[in-house]
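Input: a single structure, listed below in structure tokens.
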Amino acid sequence: MRYIDECALKKHKCQQNCTNTIGNYSCSCYHGYKAVGNYTCISDEDDVNKASIVFAIATCAGLGVLLVLAATWWLCKVVKRRKIRKLKEKNFERNGGLLLHQQVSSSEGHVDATLFTSKALEMATDRYSKDRILGQGGQGTVYKGMLTDGRIVAVKKSKIEDESKKEQFINEVVLLSKINHRNIVKLHGYCLETEVPLLVYEFIPNGTLYVYIHDHSEDFPLTWDIRVRLAIEIAGSLFYLHSAASIPIFHRDIKSSNILLDEKYRAKLADFGTSKSIAIDQTHLTTRVQGLKPILAPRAHDEGRSLATHFILTMKENRIFDILDPRIAKEGKREEITTFSNIAYRCLNLNGRKRPTMKQITAELESINLSNRLPNAEEYYVKDLKTYFITRVCIQIYTRSQECIP
């Protein structure tokens, strides 16, 4: 039998080392190489490079997926922002933004009110948390909030159910933005890009006069003197609106629930939704009562008489002291109460032209308050005739300017 050396004759398939065996041969690789299959050898560096290539491909694929996801997320966010922006623009137009712009452009005087973003007011009210609700009513819901500059505000979320409500809202913004009086709630600004429009007022901490009238408080008892002072303050604010404002304004919804009390229990007139401005050359505006619903007198409820009608009938029958709060009847001077009642009676004249002006009312109420504030004017305040006249002038303008009595 002849022995054949395949390795010597190079009749083999080995890529590198060939080792002859009986009847066959075997393949092996040099140092630094490794076998792949039966015959092939590859360098260890090639293996590393191949692994690096695989890793690079996998990394690129992963980054590609991440980029696709990031692009998708960004695109969705852009689309969402665009939808939100379009919704805000739609809300702005629906809530009377264009009408407000026209009113501001055509109105006389400077309009001083900030246009707040919905995001700023959401942050201020903790996303309109129920814990922040100050009050709710037919006109909307009021929330307590804090702006980024630290100011405490009241945010009124209005109810707009029809076109007339929208006009009331715009009317309130335009009128209040021009008013600057210590007995009128100050409007800081508004927001129109939400589903319902928002008004931002100064925060008045002690609630409405209505609460103190109907729920007697030991912390702030409504004595006769305090009631006279509050009446003077509100009369002064109305005198300002009717006569001293850049454009005469008629509130048309004066009631105790629209009168707020600040930290010093001073009266602040609020809610100008139904107010009306008139031309300066128009001397009088005759209106009917504009309240949401008539207030019924307790003992006239069955007869359907309003509180005003009940008061008028009582005055005609000369029985005013029969319907007084017992505390007022006890504390107030009879002549002061009579004078006060006569002023109210004249204000309820059905013929608007026969009603006294707020200037007259303010002066008459001050005359009632004079005996309480200046019991001995000559002794305490009057050092000479000049001082006396200055003091009397200060009293007459008390509700329209800063305190000027020593």
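Estimated from the Cβ-Cβ distance and a Förster radius of 45 angstrom, the FRET efficiency linking Leu63 and Asp112 is about 0.25. For segment 341-357, 3J(HN,Hα) computed residue by residue from phi via the Karplus equation (6.51, -1.76, 1.60; θ = phi - 60°) reads 5, 5, 4, 4, 4, 5, 5, 9, 4, 5, 8, x, 6, 9, 6, x, 6 Hz, glycine and proline entered as x. Do the alpha carbons of any pairs in Lys159/Lys359; Lys144/Lys255; Lys80/Lys186 sit beyond 28 Å of each other, and which pairs? Long pairs (Cα-Cα over 28 Å): Lys159/Lys359; Lys80/Lys186.
Full extension of the chain between Met315 and Lys90 gives 75.6 nm of extra length, using 0.36 nm per residue less the Cα-Cα distance. With a simple spin-label model that places each label point 7 Å from the Cα along the Cα-to-Cβ direction, the separation between Ile247 and Arg82 comes to 4.0 nm. Placing a pseudo-label 7 Å from each Cα along the Cα-to-Cβ vector at Thr357 and Thr72 gives an inter-label distance of 7.4 nm.
Each reported figure results from applying straightforward, stated rules to the coordinates on display, with no laboratory input. This is a predicted model, so every value here is computed, not measured. When we count neighbours, we look across all protein chains shown, and the Cβ atoms used for this are built from the backbone with ideal geometry, even at glycine.
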